[in-house]
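Visitor: For reference, the structure I am asking about is given below.
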Amino acid sequence: MFNVANHIRACLDLIADGKFFLVQGMKKDYICNDSYNEEIFSKVMVLKDAPNWNEVDKFMEKEYMLAWLTYKKSKGL
């Protein structure tokens, strides 16, 4: 049996591991569809207590700009 990840899961795993250089451009190059934003944002928010949260947050802000900031604000962050 093999584990298989879609593009979103692969990107989220790389973000969680702090490998931002490998996932840079994910929104434009890999995901290419804003309809996945809610799913991605909610999964990234699970990392808010991680030691590298500041780096994750900066990466997401760079990738998703206002959409990420608006999402964070809606969650009280």
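Visitor: Of all residues in the range 32-46, how many are open to solvent by 40 Å² or more (accessible area, probe 1.4 Å) and in a helix (DSSP H, G or I)? Lay out the reasoning, then the answer.
Guide: Let us first name the residues in the range 32-46 that are open to solvent by 40 Å² or more (accessible area, probe 1.4 Å), namely 32-36, 38-39, 42-43, 46.
Remaining after also requiring in a helix (DSSP H, G or I): 34-36, 38-39, 42-43, 46.
Residues meeting the conditions: 8.
Visitor: Report yes if some residue within the range 16-31 is touching a His at 6+ places or on another chain (Cβ under 8 Å) and open to solvent by 40 Å² or more (accessible area, probe 1.4 Å); otherwise report no.
Guide: Among the residues of the range 16-31, at least one is touching a His at 6+ places or on another chain (Cβ under 8 Å) and open to solvent by 40 Å² or more (accessible area, probe 1.4 Å), which makes the answer yes.
Visitor: Can I ask one more? Using the structure shown, decide if GLY76 is open to solvent by less than 40 Å² (accessible area, probe 1.4 Å), of a type outside the set (S, T, N, Q) and in a loop (DSSP other than H, G, I, E, B).
Guide: On the way: open to solvent by less than 40 Å² (accessible area, probe 1.4 Å): no; of a type outside the set (S, T, N, Q): yes; in a loop (DSSP other than H, G, I, E, B): yes.
So GLY76 does not fit the description; no.
Visitor: Go through the range 1-46 and report how many residues are over 18 Å from LEU69 (Cα atoms) and among the hydroxyl-bearing types (Ser, Thr, Tyr).
Guide: Looking only at that region, the number is 1.
Visitor: Of the residues LYS62, LYS27, which is within 12 Å of the chain's Cα centre (by Cα), in a helix (DSSP H, G or I) and under 14 Å from ALA10 (Cα atoms)? Steps first, answer last, please.
Guide: Working: LYS62 fails: under 14 Å from ALA10 (Cα atoms).
None of the others qualify; the one that does is LYS27.
Visitor: Of (1) in contact (Cβ under 8 Å) with a residue 12 or more places away in the chain; (2) of a type outside the set (Gly, Ala, Ser); (3) under 25 Å from GLY76 (Cα atoms), PRO51 satisfies all except one. Which?
Guide: Of (1) in contact (Cβ under 8 Å) with a residue 12 or more places away in the chain; (2) of a type outside the set (Gly, Ala, Ser); (3) under 25 Å from GLY76 (Cα atoms), only one is false for PRO51: (1).
The values are calculated or read from the model by the stated rules, or taken from the named source; none is laboratory data. From a predicted model like this one, the values you see are computed outputs, not experimental measurements. Neighbour counts are summed over all protein chains in view; Cβ atoms, including those assigned to glycine, are modelled from backbone coordinates with ideal geometry. Keep in mind that these areas ignore ligands, DNA and RNA; they rest on the heavy atoms of the full protein, side chains included. Shrake-Rupley method; radii C 1.70, N 1.55, O 1.52, S 1.80 Å.
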